[in-house]
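Data block below; observations after.
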Amino acid sequence: MRQGQNYGETAGDIISPCRRDWKEWLGRIALLALFVALWGCTVGTTDSAFDGGTSVDAGDAGESADAEGFDECPTEKVHVNNCRYQGYGTRCPVPCKYAPTCDYVLEIQWIGSCCPWGEEWDNCACEDGQSLCGWPSHREVPYSSCEYCNLPDAGSDMGINDGSKADTDTSSGEDVWDAGSNPDVGPEVDADGGDGGCRPQCSGKCGGEDGCGNLCPDDCVSPETCGGGGAQDVCGCTPSCMGQCGGQPDGCTGACPDPCNTHGTCIAGTCTCNSGYAGATCNACDFGFTGYPDCAAILCGGYGAFCCDYDFCDAGHECYQGVCVSDTCTGKDDFTLCRLMTTPDRSYDICIDETCISPGCGDQTCNEPRPHFVLPDTGQRGCYDNSTIMTCTAFPCRTNGSPRLCGQDAHYGWDRTHNRAERFWRAGPLADQPIVQDDVTGLIWQGCAAGLTGAGCTGGSSQKKTWADALTYCDGLDWSGFTDWRLPDRFELRSIVDCGRTDPAFDTTAFPAAPSDFYWPSSSNAGDSTGGWFVDLSEGAVASLDKTYSRDVRCVRGVPKRQPARFSRTEPIAGEPIVADNTTGLVWQGCAAGLNGSSCNTGLARGYIWQDALEYCEALTWGNQSDWRLPSVGELDSIIDARRVPPAIDTTAFPALPGGFDWSSSSRVRDARYGWFVYFSDGTVSSNGKAVSNGVRCVRGGP
């Protein structure tokens, strides 16, 4: 400690150090020694911190107590129960009874706010970054050991105990301890209370020196390894396991431990870690694993869960293109994600009929046979007669006695109870690359058509592409931070058609600045592989076009919903079968209008003009049910099987299909004289004059 430095009891109470020349110190030491012999420590308590009643406090050293009852500092170094005490200033830092009982204390300082007055010092930790006798903050060790009183040398030859060696304090002629690192040996008190000079340390040693010039006892029992294994001293031998594997001799009658920690294979001392482990000794978890020593894989879940290169899917699935996919389609539902290597390879493969397919492979064998999502309503919210828009008949139709023109698209479905604005929301992690979430289907759409960018898709220019280029574009698209985009199939693309609009026939708030034109899906024409289906987003028609033509593109993403076996055909009343669709929840009349029987082989098929078709279904009682209706164009299109032709429908579920043109309840908004129909011979969706006679198949239920 530098003599010119000020210290005090608190931060606000600064005390100047006392100064005495060496002659005065010697005189005071002699006087204090005599005083100790006669009186001892007499601070008002019998619970003295000093042994044998021989200690003296600062007050007994010839100073008087102040008004607060604390003794003033002595003016020289004194021994207090064999502790050398250096006081400074006009006030003792502590009363005598709280002085430490250690062997040597050169200086006791009270700096800032440390241990409170009146508390024992043993195990007392200092706060606020302050230190007491050099004790590090928050370090709780018995203070009586004095092993951590390691204040730096103050510039004099008066050091602080580090347990290393003794110097000579020129001011007193007595040995003191140098400042340095924390001690491993310390001063010893001999039997008569004097300075023994050294404290031996033999912990973990095998007959080696004790730090005080003597040998420790050899307490090893051969072939035990002294102090723990590996390269530690063995009584009389130093083992070596360099280049050795577990169980091999260590050169000292012992065996080497396994360097791989039981988590790897050792060859010539080098570890090859087991899966999930890492490090030279396999003592850590590899990237993608956690929880050493078990190191379990970081699982991101099963089928359909998103994963990264370092994640691992659960049993039976693997991480492929950012998604957990099935390693086989055997026994798996349709639309289970799988992995199929094709040329060119696609990042989107699905199970269909227990076979892994890559949509867009070039022919009908890899067309999706049905939708995999909740079927949305068409968006048609108005009613129409044979030529123009009209006021919708009060709902429900059957109670008003006038079913004529009742049962249209607008009378049923999600649109009756929801606003348009409830379906889509437009956002995106990147402002110039928006995305659109469909809250009905769960699909996520590229917010701008190919070639366009910006929050309102006003940047760039639209890019038309051939069918093959459209597949490649979506498969490689990085948009708004996502890379799992794909070209939508015909059911996905047609799901955003709004039959209540025309030019364009989609929600322009969700999809602004988009071309009102033909868009490519990934589905091929089952009757001609050179042709691909397109969806006309100016009105909603679905037809085929040569794949070399260039058309607009909008990509989609989202994990498909797995679909179990689709149709279930039952016969609640003899001759009146019904077909339940497990994908959409709809229930279909099992025979076309005019036919009946288990295989629909009785009766004659009948055709109806559009308004008579509405009336037929509203009045129908079939299969013990009477809430039948004419399906919307979206519902009717949902039972198309894009892999079949002709007819483009499951003939087991729907046998004896007559004609192929079936009416829907949806009108063509551009010209209300026309209504939408589905052509079940090849899968076309188009419109016809409402006075034309077409087939009818009624439906009930649904979302």
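Can you give me the ranges of the strands (runs of 3 or more DSSP E) entirely in region 596-703 with at least 3 residues that are within 19 Å of SER387 (Cα to Cα)?
Once the strands (runs of 3 or more DSSP E) in region 596-703 are filtered for at least 3 residues that are within 19 Å of SER387 (Cα to Cα), what remains is 661-667, 674-679, 684-689.
Tell me which residues, restricted to region 346-355, are over 28 Å from the mean Cα position of the chain (by Cα) and open to solvent by less than 50 Å² (accessible area, probe 1.4 Å).
Step one: list which residues in region 346-355 are over 28 Å from the mean Cα position of the chain (by Cα), which gives 351-355.
Correct list: CYS351, ILE352.
State whether one or more residues within region 567-590 are part of a loop (DSSP other than H, G, I, E, B), in contact with a Cys (Cβ under 9 Å, 6 or more places away or on another chain) and under 20 Å from PHE677 (Cα atoms).
Yes - at least one qualifying residue is present in region 567-590.
Would you mention how many residues in region 475-494 are surrounded by fewer than 24 Cβ atoms within 10 Å (Cβ to Cβ) and over 20 Å from SER347 (Cα atoms)?
0
Restricted to region 419-438, and to residues that are under 24 Å from the mean Cα position of the chain (by Cα) and without any contact (Cβ under 8 Å) to a residue 24 or more places away in the chain, which residue is nearest to ASP498 (Cα to Cα)?
The extreme case among them is GLN437.
Is at least one residue of region 620-630 at pLDDT 95 or above, within 52 Å of the chain's Cα centre (by Cα), open to solvent by less than 10 Å² (accessible area, probe 1.4 Å) and farther than 17 Å from TYR412 by Cβ?
Taking every residue of region 620-630 in turn, at least one turns out to be at pLDDT 95 or above, within 52 Å of the chain's Cα centre (by Cα), open to solvent by less than 10 Å² (accessible area, probe 1.4 Å) and farther than 17 Å from TYR412 by Cβ.
Any chance region 539-559 includes a residue that's aromatic (Phe, Trp, Tyr) and surrounded by fewer than 24 Cβ atoms within 10 Å (Cβ to Cβ)?
The first filter runs over region 539-559 and keeps only residues aromatic (Phe, Trp, Tyr), leaving 549.
From what is left, the residues that are surrounded by fewer than 24 Cβ atoms within 10 Å (Cβ to Cβ) are 549.
Among the residues of region 539-559, at least one is aromatic (Phe, Trp, Tyr) and surrounded by fewer than 24 Cβ atoms within 10 Å (Cβ to Cβ), which makes the answer yes.
Cβ-Cβ below 7 Å, separation at least six or inter-chain, first residue in region 675-701 and more than 23 Å from GLU576 (Cα to Cα), second of a type in the set (Lys, Arg) and open to solvent by 30 Å² or more (accessible area, probe 1.4 Å): which pairs?
Going by the 7 Å Cβ cut-off, the qualifying pairs are GLY675/ARG668; TRP676/ARG668; SER687/ARG668; GLY689/ARG673; LYS690/ARG673.
In region 305-352, how many are touching a strand residue (DSSP E or B) at 6+ places or on another chain (Cβ under 8 Å), acidic (Asp, Glu) and at pLDDT 85 or above?
Matching residues across region 305-352 total 4.
Which of the residues that make up region 503-535 are part of a loop (DSSP other than H, G, I, E, B) and of a type in the set (S, T, N, Q)?
Scanning region 503-535 gives THR508, THR509, SER516, SER522, SER523.
Working carefully through the options VAL440, VAL374, find the one that is out of contact with any helix residue (DSSP H, G or I) (no Cβ under 8 Å at 6 or more places or on another chain), in a loop (DSSP other than H, G, I, E, B), open to solvent by 20 Å² or more (accessible area, probe 1.4 Å) and more than 21 Å from SER347 (Cβ to Cβ).
Only one candidate qualifies: VAL374.
If a residue must be on the phi > 0 side of the Ramachandran plot and modelled with pLDDT under 90, how many such residues does region 240-264 contain?
Number of matching residues: 4.
If I ask for residues that are among the small types (Gly, Ala, Ser) and farther than 24 Å from ARG668 by Cα, which ones from region 356-387 would you list? Can you show your working first?
Of the residues in region 356-387, the ones among the small types (Gly, Ala, Ser) are 358, 360, 362, 379, 382, 387.
Of everything in region 356-387, those that are among the small types (Gly, Ala, Ser) and farther than 24 Å from ARG668 by Cα turn out to be SER358, GLY360, GLY362.
May I ask you to list pairs of residues, at least six apart or on different chains, whose Cβ atoms are under 7 Å apart, with the first in region 295-315 being closer than 22 Å to ARG557 by Cβ and the second being part of a loop (DSSP other than H, G, I, E, B) and polar (S, T, N, Q)?
Filtered contacts from region 295-315: TYR303/THR336.
Which residues, counting only those in region 259-277, are in contact with a strand residue (DSSP E or B) (Cβ under 8 Å, 6 or more places away or on another chain) and surrounded by fewer than 18 Cβ atoms within 10 Å (Cβ to Cβ)?
Matches in region 259-277: THR265, THR272, ASN274.
Taking only pairs six or more apart or across chains, which ones have beta-carbon atoms under 7 Å, a first residue in region 513-532 that is without any contact (Cβ under 8 Å) to a residue 24 or more places away in the chain, and a second residue that is aliphatic (A, V, I, L, M) and not in a loop (DSSP other than H, G, I, E, B)?
Hits for this filter: GLY531/LEU545.
The values are calculated or read from the model by the stated rules, or taken from the named source; none is laboratory data. No experiment lies behind these values; they were computed from the predicted model shown. Cβ: placed from backbone, ideal geometry, glycine included. Neighbour counts: every protein chain shown. The area values use the complete protein model at the heavy-atom level, side chains included, leaving out ligands, DNA and RNA. Shrake-Rupley method; radii C 1.70, N 1.55, O 1.52, S 1.80 Å.
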